[in-house]
Structures are given as structure tokens and as C-alpha cells.
Amino acid sequence: MDVQRQHHDSACLLVVSGAVTAADADELRGQCYAALSEAVERAGAPGATDRDPFDTGGPDRPQPVDLLIDARRATRFDDLATRALSSARTRVRHLGGHVVVVDDAAGALQTSLRRTGLAFRFPRFDSPAAAGASLARDREVRSLRDTPLEARWRRAR
């Protein structure tokens with residue numbers, strides 16, 4: 001297994017290639033966590049322990065961090081390795097972001113996610129550009145939802 005990390009704005013792209021076996025699950029989880037940690041530092045987003053439970057959001061709130069997993073070059077993906085992705089998804093969701101998969105419909109990761117019943121938790125896209133566009137739309141919707149009512153009213157006028 002080979003994992004490469006790339007950072008774009010408030011999103012992190014993990015390119016996974018080769019055969020991902022059960023023995024690679026811990027390394028994959030570590031790579032996901034390291035990528036998230038770097039992305040949080042780059043975006044200036046609050047960490048899991050820094051989040052204020054009474055924060056109502058607003059335009060000054062830091063952007064959440066999204067994780068894109070590009071598995072188009074993965075030749076095999078063991079079902080036990082999907083637990084690493086599920087664990088990373090939990091952490092990303094806690095930080096207010098999303099995890100998406102870039103893979104073919106019959107790709108190794110997508111097949112493993114369908115087999116384990118987790119495909120509905122990881123939206124699949126054919127290209128990183130399509131995934132990025134979808135995440136940008138989601139960010140826009142989230143920013144409108146997190147904006148206080150008074151600011152929304154001023155924006156509408």
C-alpha cells in the first residue's frame with residue numbers, strides 16, 4: 001500500500017494505491033489522522049478538544065476540514081481496512097467535515113464498502129474535481145445554516 005497526501009484549501013486528498021490488506025489498516029488509520037491533523041493546522045480550524053459546545057457558528061467560524069480518499073489506483077481493499085476509514089469519518093464528522101471517496105463504481109474500495117454495508121456513509125465520485133465541487137456546495141449550505149439569523153436577514157436585504 002502506498003498513501004500520498006495533498007492539501008487543498010480546507011480539504012485533504014489521500015491517494016491510496018496498491019493492495020490494501022488487513023495488516024495495512026493501522027497504517028491507513030494513522031495516515032488519515034495525520035492528514036486531518038495537518039489540515040486542521042493549515043485551516044486554523046479548532047481541534048476536537050478546542051470546540052466550544054455552545055458555539056452557534058457564524059461567518060467568523062473556521063472552515064471544517066473535509067477528507068477525499070482517491071482509491072482509483074487501489075488494486076485490492078480488505079474489508080478490515082474499511083474500519084480505518086470509518087474511524088477517520090467519525091473524527092472528520094466531529095470536526096464538522098465530510099469524507100468522500102473517489103473511485104470507480106466497480107473499484108476495489110467501493111466493492112469493499114458495499115460488501116461491508118458502509119457504502120451509504122461514503123459518497124462516491126468519479127473524479128476529485130467532482131468531489132471538490134460537491135464539497136464546495138456543501139460548505140456553502142453549511143455556512144448559510146451556521147450563520148446567525150440576523151446576519152442572514154441583513155444578507156437578504
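The values are calculated or read from the model by the stated rules, or taken from the named source; none is laboratory data. Everything quoted here is computed from the prediction, not taken from an experiment. Methodologically, a virtual Cβ is constructed for each residue, glycine included, from the backbone with ideal geometry; neighbour enumeration extends over all protein chains shown.
Odds and ends about this structure:
- A count restricted to segment 77-96 and to residues that are closer than 12 Å to R115 by Cβ and among the hydroxyl-bearing types (S, T, Y) stands at 1.
- Checking every residue in segment 67-82 against the condition of being closer than 20 Å to S143 by Cα, surrounded by fewer than 16 Cβ atoms within 10 Å (Cβ to Cβ), modelled with pLDDT under 95 and not aliphatic (A, V, I, L, M) gives zero matches.
- Residues within segment 89-103 that are aliphatic (A, V, I, L, M), over 14 Å from R124 (Cβ atoms) and within 8 Å of the chain's Cα centre (by Cα), tallied: 1
- Segments classed as helices (runs of 4 or more DSSP H), wholly inside segment 96-157, with at least 1 members that are under 25 Å from A84 (Cα atoms), at pLDDT 85 or above and hydroxyl-bearing (S, T, Y): 108-116, 128-146
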